[in-house]
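Comments concern the structure below.
The values are calculated or read from the model by the stated rules, or taken from the named source; none is laboratory data. Bear in mind that the values here come from a model prediction, so they are computed numbers and not experimental data. A quick note on method: Cβ atoms are made from the backbone with ideal geometry, for glycine too, and the neighbour counts reach across all protein chains shown. With ligands, DNA and RNA removed, areas are computed over all heavy atoms of the protein, side chains included. Shrake-Rupley method; radii C 1.70, N 1.55, O 1.52, S 1.80 Å.
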Amino acid sequence: MQVPAQVEYEQAASVEHALDLLARSGPEARILAGGHSLIPMMKLRLAQPETLIDINGLSELAFLEVTGDELRIGALTRHAGLLAAAGAGEHFPILHDAERVIADPVVREWGTIGGSLCQADPSEDLSAVFAALRATMVIRHPAGIRTVPAREFFTGPYETVVAPGEILTEIRVAIRPGGGSSYQKVGRRVGDWPVGAAGAALWLDGDVISGTGIGLTAVGARHFVAAEAEEFLRGRPATEENFGRAGQIAAENCQPVSDQRGPAEYKRHLASELTTRALRAALRRAAPRRAGGQRRPGDG
Amino acid sequence: MTTGFTANGAYGPVKRKEDARFIRGQGTFIDDIQLKGMLHGAVLRSPLAHARIVSVDASAAEGHPRVRAVITGETLAARGLAWMPTLSHDVQAVLATDKVRFQGQEVAFVVAEDRYAARDALELISVEYEPLAPVTDPVRALAPGAPVIRDDLDGRDSNRIFDWQAGDKARTDEVFAAADVVVARDLVFPRSHPAPLETCGCVADYDQVSGHLELWVTSQAPHAHRTLFALVAGLPEHKIRIISPDIGGGFGNKVPVYPGYLCAVVGSMLAGRPVKWVEDRSENLMSTAFARDYRMRAEIAATREGRILGLRASALADHGAFNGSAQPARYPAGFFHMLTGSYDLQAAHCEVTGVYTNKAPGGVAYACSFRITEAVYLTERMVDALAIELGADPAELRMQNLIQPGQFPYTTVTGWEYDSGDYPRTLQAALTAAGYDDLRREQAQRREHGEYMGIGLSFFTEAVGAGPRKHMDILGLGMADGADLRVHPTGKAVLGISVQTQGQGHETTFAQIVAQELGISPDDVEVVHGDTDRTPFGLGTYGSRSTPVSGAAAAVVARKVRDRARIVAAAMLEASPADLEWASGRWQVRGDPERRAGIAEIAMAAHSPLELPEGVEGHLDAETVYNPPNLTYPYGAYVCVADVDPGTGSVTVRRFIAVDDCGVRINPMIVAGQIHRGLADGIGMALMQVLSFDEEGNCLGGSFMDYLLPTAVECPAWELGQTVTPSPHHPIGAKGVGESATVGSPAAVVNAVIDALRPFGVTHIDMPMTPANVWLAVHGASSGDHVA
């Protein structure tokens, strides 16, 4: 049986209390949210934090609401909660696409959105999703809050801009009309980390792409973003040919590594193929609304 | 609880007796065992695949306040226990003394007051290693100049373990030379792992006063293990009691004796207290008995008209660092020479070379039926390869070449005597259930729209129920099994068996066998297993042998009881035993059916003041040992329908039709459960499961995040069918089914994917057919002839 090393355990009663505990416990303290990455790492003794600060009781961080033209997701929102939120899925189908293929129902029931993002695993689906959506991260620190664009949130594998003594509290996504989005993932099995995945969000002005976000997972894309492909699409018509070219550009500009899930060559192909497929699906979802008509069955 | 006994007999889909406790969470697995004063053990394992041990310093661990003992290779060497025999006449290090030979090998063992302290203390042991070049590729292991892994063995100057062959080479070469068509393929059956839900573990309790050892252990073969512990640890066998409580899956993983067990025994001897050791998931995956790891070159010869003439194969068998395969001693490659499969051939030949590598030992596990899994995969892939070459339909090609019903008993060109079968009927049943012709039409239509579906077939024949003791033994122990049956005065019976359930439902099935023979309800038969002090000797559960061997013993011993009951009944009914007949579960006077007695009445009479005839001592109890006259040969026809996305390489198994013939089915529901499990195994092996290693010998499958097991999502709703061809030599006509689906299903899945990708010119993809491997085959046009 795998057993972790000795660790101190503290339960936070409020965000302020959690920040206070973080300040007092020093750099070897870790926030315990869903724990689905941290606890296994502790059992394998790959992580040996001195103190765990449990924030699972902080209901103030477990919220999900549409306010004005913004979707606000509390960091302690569980994956299952996001998947169950019809409003989130209606505005951003990409969120439900991704949540449906993250891990398994047990993990989704307890794992949190904030925890997933702060873990910053290169294969984490939501990092690319929120990068594609150009979300804003809200970070609390003892002196107040600061906001960081999702695309600047990730500084490297397993690294974010959240400093010791800070807590990610919220993710905000601006709601803009005329958009569609999709997430496409290939895994070896349900519940597996992706071999590769791509998320795309599109906004159209007539037939022309007025805005786009493309996120890539597990293929070594900088900040989980296919910036060059986005640049290519902006202002161009939403055609199959352009989607194909955008996929190629995304593939050319990522740096996948070979591992058990597949060789770099294959992952690069997936970056292309899945980017194109995600754009295609995003367009299908955007189109009916753009035309003011009914959504077609199967458009998710 | 009622199990649904009816007057029609005790066979049928009765609910499992075991489930009453399992679904309540009331099972007793090794980790549930709590003994007074029990300590906890943990194993320090090698991080390197190949290294010389310079020094082991355990002083800091010994100084830990909650540590009670630290055992190193040196501790064991002083007692002559540093090495133990394997099941294949090799030796294996218990704790390494000279070198470590695979990543995860056992180096030291800590005994502490709790498992946290034991784990903490592992980090206090300092081992100095001198790294050596690792060899994880069997081809490189045989190359000149390769590092010799087993330099502990006298005179060993290479990594070659054995060369073995079967069949008539000269005749096979003749047949091939004369054949119209010969197709060759290189096939890899990669290393996989049985990954039972419960990992291996034990609780050792050595009594320093009496010298008794009680060992609760995850064992598929408690009696064989008792003998092994006597041989290995030098303990007198009559003072060893092995208890296997509920076992959470075995699949061959719990056949070997592992170093952790021995360390726990020694720990208990040193500490004078019971010691529990339960390995974690990574330890189980990285160090215990794996399966497969065969690299095969296969050739099939046929006439242009599609008559298959012969098969020829050579294989490299990667056995890891110690040859720890568990199989009948005479067969170092198991039953790989079953490669003639279900077909009527003129000749066949195979040669197998066993190789040491810097990988964990094992090799016969995961419901492999002693390597018939590898053989069936080879044969069924080659029949499909031939179909491609000839442009023939794979179903028709099989039908054309199957052994015909009138040919049984059929002796194969590699020496097996198949007992019974009607293969064409079973194949036809599978094709009909699948709607084969409609599937072919649908496939053609879909291809026109750029959709790629495949239909894969596999027809397998198994050889199970090892085995006749004059041919088959493990470490000199003949592969027979005992049974004893006590019938209490009220007619309730207790059956002691030598095999050990790991989820197969023995407590139910064996009760049904006895109940059927004695005309009582399965509820009235208690099955005792897994405790060497309470059960007769026998070789245990693996190789689908429980029902073929021990099930036969149960029937035979019940018939002995019935024969004794006849004598007592004759006294009761004032008739001659010869005038009695067994009818409707009772002894009755022939021609006077009102004069009759059932087992319960007879059992009471046998214990009563009734004057008993000469030769009956006063109860009905009996015992037996069953030595099977031959193996049994279950078989089946499988059809897999799969959809492939060539853009991503993703494979979805849409349907799976399995028609099995395992002879008489005692409990069809349990049989169906066994088949479901094996089919899921097949999907796992075909699509995702692999225990791979990097160049440094690091195991890349050390957790369930890396070693993938299939889930319900990857498995379609299984479509099962059956034919019943009883075994003519088995007392109740049963053939065994535990491994059939594992053996038969991988080829069907692979054949389906290859069939789907025919428009791309793909002729072979090695398992696991992950999205990456499928995509590479489609876009790299790799074929079986070019596999590295």
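Give me the strands (runs of 3 or more DSSP E) completely within the stretch A:146-223, filtered to those with at least 2 residues that are within 14 Å of chain B (Cβ to nearest Cβ), ordered by residue number.
Details: elements: A:154-156, A:167-174, A:179-186, A:196-205, A:208-217.
Result: A:179-186, A:196-205.
Within the stretch B:510-520, can one find any residue that is of a type in the set (S, T, N, Q), closer than 30 Å to residue B:372 by Cα, open to solvent by 10 Å² or more (accessible area, probe 1.4 Å) and touching a Gly at 6+ places or on another chain (Cβ under 6 Å)?
So in the stretch B:510-520, the residues of a type in the set (S, T, N, Q) come out as B:512, B:516.
Within this subset, residues satisfying the condition of being closer than 30 Å to residue B:372 by Cα are B:512.
So of that shortlist, the ones also open to solvent by 10 Å² or more (accessible area, probe 1.4 Å) come out as none.
No, the conditions are met nowhere in the stretch B:510-520.
Does residue B:291 satisfy the criteria of being under 30 Å from residue B:682 (Cα atoms) and of a type in the set (A, V, I, L, M, F, W, C)?
yes
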Any residue in the stretch A:27-47 that's within 12 Å of another protein chain (Cβ to nearest Cβ): show its pairings with residues that are aromatic (Phe, Trp, Tyr) at Cβ separation under 8 Å, as long as the two are six or more apart or on different chains. A:36/A:110
Given the conditions (1) open to solvent by less than 40 Å² (accessible area, probe 1.4 Å); (2) under 33 Å from the mean Cα position of the chain (by Cα); (3) in contact (Cβ under 8 Å) with a residue 24 or more places away in the chain, and given that residue B:121 satisfies all but one, which numbered condition is not satisfied? (2)
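One line per residue, one yes/no per condition, for (1) assigned to a loop (DSSP other than H, G, I, E, B); (2) more than 14 Å from chain A (Cβ to nearest Cβ):
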{"residue": "B:96", "(1), (2)": "yes, yes"}
{"residue": "B:103", "(1), (2)": "yes, yes"}
{"residue": "B:109", "(1), (2)": "no, yes"}
{"residue": "B:121", "(1), (2)": "no, no"}
{"residue": "B:127", "(1), (2)": "no, yes"}
State whether the residues of the stretch A:118-133 include one that is open to solvent by 10 Å² or more (accessible area, probe 1.4 Å), among the hydroxyl-bearing types (Ser, Thr, Tyr) and part of a loop (DSSP other than H, G, I, E, B). yes
List every residue pair whose Cβ atoms sit under 6 Å apart, with the two residues 6 or more apart in sequence or on different chains, where the first one lies in the stretch A:255-273 and is more than 7 Å from every other protein chain (Cβ to nearest Cβ) and farther than 18 Å from residue B:769 by Cβ and the second, anywhere, is part of a loop (DSSP other than H, G, I, E, B) and among the polar types (S, T, N, Q). A:264/A:258
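Residue B:747: within 14 Å of chain A (Cβ to nearest Cβ), modelled with pLDDT of 95 or more and in a helix (DSSP H, G or I), yes or no?
Values: within 14 Å of chain A (Cβ to nearest Cβ): no; modelled with pLDDT of 95 or more: yes; in a helix (DSSP H, G or I): yes.
Considered against the rule, which asks whether it is within 14 Å of chain A (Cβ to nearest Cβ), modelled with pLDDT of 95 or more and in a helix (DSSP H, G or I), residue B:747 comes out as no.
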Go through the stretch B:235-256 and give me each residue that's buried (at least 21 other Cβ atoms within 10 Å of the Cβ) and either over 17 Å from residue B:205 (Cβ atoms) or within 14 Å of chain A (Cβ to nearest Cβ) (or both). B:247, B:250, B:251, B:252, B:253, B:254, B:255, B:256
Are there any pairs, at least 6 apart or on different chains, whose C-beta atoms fall under 8 Å, with the first in the stretch B:521-532 and assigned by TED's automatic domain parsing to the domain that holds residue B:247 and hydrophobic (A, V, I, L, M, F, W, C) and the second open to solvent by 10 Å² or more (accessible area, probe 1.4 Å) and outside any loop (DSSP other than H, G, I, E, B), and if so, which? none
Can you tell me which residue within the stretch A:205-223, out of those that are open to solvent by less than 20 Å² (accessible area, probe 1.4 Å) and in contact with a helix residue (DSSP H, G or I) (Cβ under 6 Å, 6 or more places away or on another chain), is nearest to residue A:193 (Cα to Cα)? A:217
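Working only within the stretch B:16-43, note down all residues that are within 13 Å of chain A (Cβ to nearest Cβ) and among the hydrophobic types (A, V, I, L, M, F, W, C).
Looking only at the stretch B:16-43, we keep the residues that are within 13 Å of chain A (Cβ to nearest Cβ), and these are B:29-32, B:40-43.
Selection gives B:29, B:30, B:42, B:43.
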Condition check: crowded, with 18+ Cβ neighbours inside 10 Å, part of a helix (DSSP H, G or I) and more than 11 Å from chain B (Cβ to nearest Cβ). Does residue A:245 satisfy that? no
Is the stretch B:567-588 home to any residue that is in a strand (DSSP E or B) and under 27 Å from residue B:536 (Cβ atoms)? yes
Residue B:680 meets each of (1) part of a helix (DSSP H, G or I); (2) buried (at least 24 other Cβ atoms within 10 Å of the Cβ); (3) within 14 Å of chain A (Cβ to nearest Cβ) with one exception, condition (2)
Residues in the stretch B:362-385 that are under 10 Å from the mean Cα position of the chain (by Cα) and on the phi > 0 side of the Ramachandran plot: how many? 5
Pull out all pairs, ordered by first then second residue, where Cβ-Cβ is under 9 Å, the residues are six or more apart or on different chains, the first lies in the stretch B:169-182 and is within 15 Å of residue B:298 (Cα to Cα), and the second is surrounded by fewer than 13 Cβ atoms within 10 Å (Cβ to Cβ). B:181/B:304
Taking the stretch B:295-340 as the region of interest, how many residues are within 16 Å of residue B:189 (Cα to Cα), of a type in the set (Gly, Ala, Ser) and more than 18 Å from the chain's Cα centre (by Cα)? 5
Filter result (over 30 Å from residue B:392 (Cβ atoms) and either part of a strand (DSSP E or B) or modelled with pLDDT under 95 (or both)) within the stretch B:716-735: B:734
Residue by residue through the stretch B:256-301, note down the ones that are part of a loop (DSSP other than H, G, I, E, B), touching a strand residue (DSSP E or B) at 6+ places or on another chain (Cβ under 9 Å) and within 21 Å of residue B:317 (Cα to Cα). B:256, B:289, B:290, B:292, B:293
Enumeration of residues in the stretch B:603-651 that are open to solvent by 10 Å² or more (accessible area, probe 1.4 Å), within 14 Å of chain A (Cβ to nearest Cβ) and either under 30 Å from residue B:543 (Cα atoms) or polar (S, T, N, Q) (or both): B:650
I need a count of the residues in the stretch A:248-268 that are more than 30 Å from residue B:703 (Cβ to Cβ), assigned to a loop (DSSP other than H, G, I, E, B) and of a type in the set (Gly, Ala, Ser). 0
